[in-house]
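J.: The structure under discussion is supplied below as structure tokens; questions concerning it will follow.
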Amino acid sequence: MASAASSEEQKVSPSKKRKMKDDDAASKASGVMAYLQTSLSKESLSQLYLDPTRGRYVCRAVLQELPMTSQQVVVRLICCGGSFPRNLVNIWCGKKYWGHKQIMEMVKWAILKQPADDDAAIQLTDEFFQGYKAALHSMDTSPWSPLTPAQVEVMEQEASAVEGKPVKFPAMTQEDLERYTQSQWDAVLHYLVGTPNLDVQPNPAISHFLLETKLMQPDPEYRGDPEEAPLVITRKGYDFMLQDSTQQVWHFVLQYLQSIERQGNEKAVVFKREALLVLLCLSYAKFGECYASAVLSKDGRRIVRDLALFGLLYVKKVGKKSVFYPTRIAMQLVGGAEASSSSKSGKRGGGGGMWSWSSKALDSALAHPYPSDSSHLAIIVQTNFQLCAYTTSELHVSMLGLFCEVQTIRRLPNVVFMAITRDSIKGAFALGIQAHQILRFLEKHVHPKLRDNTTSPIPSNVVDQVYLWDRERHRVEWNEVFMHQCVLDGEFHAVQSYTMEHQAHAWSNAGRNQLFIKFPYAEQVQSFVRKWRAKAAAG
């Protein structure tokens, strides 16, 4: 098997290996900026910097990814005309904070030109220099101007004239947008676990994504026409369910970008560049504001419609025109897991912290004893391993049932009580779910009253016990071995010495004259034994 695998590997061309490596790096990236760093060439980055109206926002976003010292160097170089002697730049920073590593990182971002030698001047690339200089000259904080109430009123009047009846466009609040996004993702997760009679059916593009990424598969037990086999969740799908919402959304966006790449023509390259520009500009938009689709290019409007299928944007037709609202999770896509810290430091448009949906919307949902909105989930984990989940959603109950004891379930109108047990956690491990994913899920959906605590909202004894149950799986290591029974005098010591010399020894018992040999070395050791016995018999 090993030789077959190696021969297959030799057939893979270097370009295909590089492509596989890039795809793997992209799949591990958790946001647009990480994707730019791992998957785009310097030439492609330079093209983004050169965009006449949006390149400045790309330059801002890239600069914010750099360490503080590198940011200071870039801004000073901008003020010095884009170039400065390296020995003087070293004086600015000191060797402790500035060196070859920082320079190479900025070369990779297409910010600096590759230095010819160690004494060459530090020089910005022309594309980044022009792009960031435009950013410094611009007073705009957002690439698009939000619609004012007066502009919305004009759109309503135009729509009323076209349709011959009054048209009103009620503004979406931040809470409305959060509920909308949550309902879209609930529909995806309901479909993933096979909930019957869904109120909101996911778009066929979502079904295609779930199949392409192996989160679902045709039911292997279906005996009818394979083309009509229903889709069922896979082990990878269980892992997807417990991921952070931002990671789930990034999987969708990454699949979208890769589907564009697979077209492999010049038009696809231009379209992908436009998609990245739209995603980057979304991070500078304002959450809860309304934007006219007319501010976008033709490709940009198509991208907005595609992103709306995933629930990243809310799109609304007003007569013949359309408007869109960025959702909170779309604005977190640029930084991925780092979006929360970025938003707190004022880097970009506004994020949501560790919890994807704001406490305001959740507090509102929890205020009623009989909630009409089933999208909320608020969890309290007690020190006695009992879990209290404020929810009315069967989806949430199914998700909790992945690692809680279903037989212990008790219900009230707006709360479910379940217990975390050793058997239930072991069952989750058998599905491929990891301990850190379970704890992350509980933290992500913790009750708002526990979110202000400086300590972990999950009791430490529960955290420790879940990790201990996880380590139980690794207390015994299984290895395939071959047992050799020695029959001649001196054979045991001869074979033992040989196996230890060739790293083939697994275990031995001198009293029983038995050796356990690592299975891949079994034939090699048996060949040595035959020669040794023949030599001993010849005496």
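Rundown of residues vs (1) surrounded by 17 or more Cβ atoms within 10 Å (Cβ to Cβ); (2) among the hydrophobic types (A, V, I, L, M, F, W, C); (3) modelled with pLDDT under 65, yes/no style:
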position: GLU338; (1), (2), (3): yes, no, yes
position: LYS347; (1), (2), (3): yes, no, yes
position: GLY352; (1), (2), (3): yes, no, yes
position: LEU402; (1), (2), (3): yes, yes, no
position: THR408; (1), (2), (3): no, no, no
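J.: Within the bounds of segment 108-119, is there any residue that is in contact with a Leu (Cβ under 7 Å, 6 or more places away or on another chain), within 28 Å of ASP51 (Cα to Cα), at pLDDT 85 or above and of a type in the set (Gly, Ala, Ser)?
T.: In the first step, residues of segment 108-119 are kept if they are in contact with a Leu (Cβ under 7 Å, 6 or more places away or on another chain); the result is 109-112.
Retained after the next criterion (residues that are within 28 Å of ASP51 (Cα to Cα)): 109-112.
This time we only want the ones that are at pLDDT 85 or above, so: 109-112.
Still in the list and also of a type in the set (Gly, Ala, Ser): 110.
The answer is yes, given that some residue of segment 108-119 is in contact with a Leu (Cβ under 7 Å, 6 or more places away or on another chain), within 28 Å of ASP51 (Cα to Cα), at pLDDT 85 or above and of a type in the set (Gly, Ala, Ser).
J.: I've got another one for you. Please find, within segment 317-336, the residue that is farthest from the chain's Cα centre (by Cα) out of those that are of a type outside the set (Gly, Ala, Ser) and in a loop (DSSP other than H, G, I, E, B). Step through it out loud before you land on a result.
T.: Here is the first cut: in segment 317-336, the ones of a type outside the set (Gly, Ala, Ser) are 317-318, 320-321, 323-329, 331-334.
Remaining after also requiring in a loop (DSSP other than H, G, I, E, B): 320, 327, 332-334.
Values: LYS320: 36, THR327: 17, GLN332: 11, LEU333: 9, VAL334: 11 Å.
Out of the qualifying residues, it is LYS320.
J.: While we're looking at this one, here's another question. Restricting to segment 522-539, what's the tally of residues that are without any contact (Cβ under 8 Å) to a residue 24 or more places away in the chain and either hydroxyl-bearing (Ser, Thr, Tyr) or touching a strand residue (DSSP E or B) at 6+ places or on another chain (Cβ under 6 Å) (or both)? Before you say what the answer is, go through the steps one by one.
T.: Kept after step one, since they are without any contact (Cβ under 8 Å) to a residue 24 or more places away in the chain, are these residues of segment 522-539: 523-524, 527, 530-531, 534-535, 537-539.
Right, trim to either hydroxyl-bearing (Ser, Thr, Tyr) or touching a strand residue (DSSP E or B) at 6+ places or on another chain (Cβ under 6 Å) (or both) and you get 527.
Here the count works out to 1.
J.: List every residue pair whose Cβ atoms sit under 6 Å apart, with the two residues 6 or more apart in sequence or on different chains, where the first one lies in segment 43-72 and is in contact (Cβ under 8 Å) with a residue 12 or more places away in the chain and the second, anywhere, is of a type in the set (S, T, N, Q) and part of a loop (DSSP other than H, G, I, E, B).
T.: Close Cβ pairs satisfying both conditions: ARG56/SER138.
J.: State yes or no: is LEU77 at pLDDT 90 or above, touching a strand residue (DSSP E or B) at 6+ places or on another chain (Cβ under 7 Å) and surrounded by 20 or more Cβ atoms within 10 Å (Cβ to Cβ)?
T.: On the way: at pLDDT 90 or above: yes; touching a strand residue (DSSP E or B) at 6+ places or on another chain (Cβ under 7 Å): yes; surrounded by 20 or more Cβ atoms within 10 Å (Cβ to Cβ): yes.
Answer is yes for this residue.
J.: I want to confirm something. Restricting to segment 499-519 and keeping residues that are free of Cβ contacts under 8 Å to residues at least 24 places away in the same chain and part of a helix (DSSP H, G or I), which single residue is surrounded by the most Cβ atoms within 10 Å (Cβ to Cβ)?
T.: MET500
J.: Take the conditions out of contact with any helix residue (DSSP H, G or I) (no Cβ under 8 Å at 6 or more places or on another chain) and among the charged types (D, E, K, R) and apply them to ASP119. Does it pass? Please lay out each step first, then the result.
T.: Working: out of contact with any helix residue (DSSP H, G or I) (no Cβ under 8 Å at 6 or more places or on another chain): no; among the charged types (D, E, K, R): yes.
No, not satisfied.
J.: Name every residue in segment 382-426 that is within 26 Å of the chain's Cα centre (by Cα), assigned to a loop (DSSP other than H, G, I, E, B) and among the hydrophobic types (A, V, I, L, M, F, W, C), in order of residue number.
T.: Once the filter is applied, which keeps residues that are within 26 Å of the chain's Cα centre (by Cα), assigned to a loop (DSSP other than H, G, I, E, B) and among the hydrophobic types (A, V, I, L, M, F, W, C), segment 382-426 yields LEU402, PHE403, CYS404.
J.: Continuing with this model, one more query. Can you name every residue in segment 251-277 that is part of a loop (DSSP other than H, G, I, E, B) and small (Gly, Ala, Ser)? Outline the logic, then answer.
T.: Of all residues in segment 251-277, those part of a loop (DSSP other than H, G, I, E, B) come to 262-265.
GLY264 - this is the single residue of segment 251-277 that is part of a loop (DSSP other than H, G, I, E, B) and small (Gly, Ala, Ser).
This table checks each residue for (1) part of a helix (DSSP H, G or I); (2) farther than 27 Å from TRP144 by Cα; (3) modelled with pLDDT of 65 or more.
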site: ARG18; (1), (2), (3): yes, yes, no
site: ASP23; (1), (2), (3): yes, yes, no
site: SER27; (1), (2), (3): yes, yes, no
site: TYR57; (1), (2), (3): yes, no, yes
site: GLN71; (1), (2), (3): yes, no, yes
site: ILE91; (1), (2), (3): yes, yes, yes
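J.: Looking at the structure I just gave you, is LEU309 surrounded by fewer than 21 Cβ atoms within 10 Å (Cβ to Cβ) and of a type in the set (A, V, I, L, M)?
T.: For LEU309, the condition - surrounded by fewer than 21 Cβ atoms within 10 Å (Cβ to Cβ) and of a type in the set (A, V, I, L, M) - is met.
J.: Still on this model: Find the residue count for segment 280-296, including only residues that are surrounded by fewer than 21 Cβ atoms within 10 Å (Cβ to Cβ) and outside any loop (DSSP other than H, G, I, E, B).
T.: Counting residues in segment 280-296 that are surrounded by fewer than 21 Cβ atoms within 10 Å (Cβ to Cβ) and outside any loop (DSSP other than H, G, I, E, B) gives 4.
J.: Out of all the residues in segment 466-483, is one or more assigned to a loop (DSSP other than H, G, I, E, B) and touching a helix residue (DSSP H, G or I) at 6+ places or on another chain (Cβ under 9 Å)?
T.: Checking segment 466-483: at least one residue is assigned to a loop (DSSP other than H, G, I, E, B) and touching a helix residue (DSSP H, G or I) at 6+ places or on another chain (Cβ under 9 Å).
J.: For the subset of segment 141-159 comprising residues that are in a helix (DSSP H, G or I) and touching a residue at least 40 places away in the same chain (Cβ under 8 Å), which member is farthest from the chain's Cα centre (by Cα)? Give the derivation first.
T.: So in segment 141-159, the residues in a helix (DSSP H, G or I) come out as 149-159.
Those still in the list that are touching a residue at least 40 places away in the same chain (Cβ under 8 Å) too: 151-152, 155-156, 158-159.
Values: GLN151: 38, VAL152: 36, MET155: 38, GLU156: 39, GLU158: 42, ALA159: 40 Å.
Within segment 141-159, the match that is farthest from the chain's Cα centre (by Cα) is GLU158.
J.: Can you list residue pairs whose Cβ atoms sit under 6 Å apart, with the first residue in segment 379-405 being under 21 Å from TRP469 (Cβ atoms) and the second being hydroxyl-bearing (Ser, Thr, Tyr) and assigned to a loop (DSSP other than H, G, I, E, B)? Count only pairs 6 or more apart in sequence or on different chains.
T.: GLU405/THR421
J.: Condition first: of a type outside the set (D, E, K, R), under 19 Å from SER393 (Cβ atoms) and out of contact with any Ser or Thr (no Cβ under 8 Å at 6 or more places or on another chain). Can you find one or more residues in segment 175-184 that meet it?
T.: Checked segment 175-184: at least one residue is of a type outside the set (D, E, K, R), under 19 Å from SER393 (Cβ atoms) and out of contact with any Ser or Thr (no Cβ under 8 Å at 6 or more places or on another chain).
J.: Moving on to the next point. Restricting to segment 204-245, give me the number of residues that are assigned to a strand (DSSP E or B) and among the polar types (S, T, N, Q). If you could, list the steps in order and put the result at the bottom.
T.: Going through segment 204-245, the residues assigned to a strand (DSSP E or B) turn out to be 216-218, 231-233.
Adding the requirement that they be among the polar types (S, T, N, Q) leaves 217.
So the answer is 1.
J.: Select from segment 120-163 the residues that are touching a Pro at 6+ places or on another chain (Cβ under 8 Å) and among the small types (Gly, Ala, Ser) and write down the one among them that is farthest from THR53 (Cα to Cα).
T.: Looking at the filtered set, the residue picked out is SER160.
Here is a yes/no grid of residues against (1) closer than 23 Å to VAL415 by Cα; (2) within 26 Å of the chain's Cα centre (by Cα); (3) loosely packed, with under 15 Cβ neighbours inside 10 Å; (4) among the basic types (Lys, Arg):
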| position | (1), (2), (3), (4) |
| --- | --- |
| ALA428 | yes, yes, no, no |
| HIS436 | no, yes, yes, no |
| LEU442 | yes, yes, no, no |
| HIS447 | yes, yes, no, no |
| LEU450 | yes, yes, no, no |
| SER460 | no, no, yes, no |
| ASP470 | no, yes, no, no |
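J.: Is there a residue being surrounded by 18 or more Cβ atoms within 10 Å (Cβ to Cβ), out of contact with any helix residue (DSSP H, G or I) (no Cβ under 6 Å at 6 or more places or on another chain) and among the basic types (Lys, Arg) anywhere in segment 103-113?
T.: Looking through segment 103-113, at least one residue is surrounded by 18 or more Cβ atoms within 10 Å (Cβ to Cβ), out of contact with any helix residue (DSSP H, G or I) (no Cβ under 6 Å at 6 or more places or on another chain) and among the basic types (Lys, Arg).
J.: Do the conditions hold for SER138, that is, is it under 30 Å from VAL58 (Cβ atoms), modelled with pLDDT under 90 and under 26 Å from the mean Cα position of the chain (by Cα)?
T.: Details: under 30 Å from VAL58 (Cβ atoms): yes; modelled with pLDDT under 90: yes; under 26 Å from the mean Cα position of the chain (by Cα): no.
So SER138 does not fit the description; no.
The values are calculated or read from the model by the stated rules, or taken from the named source; none is laboratory data. These numbers were taken from a predicted model, which means no experiment stands behind them. Glycine also receives a Cβ, built like all others from the backbone with ideal geometry; neighbour counts cover every protein chain displayed.
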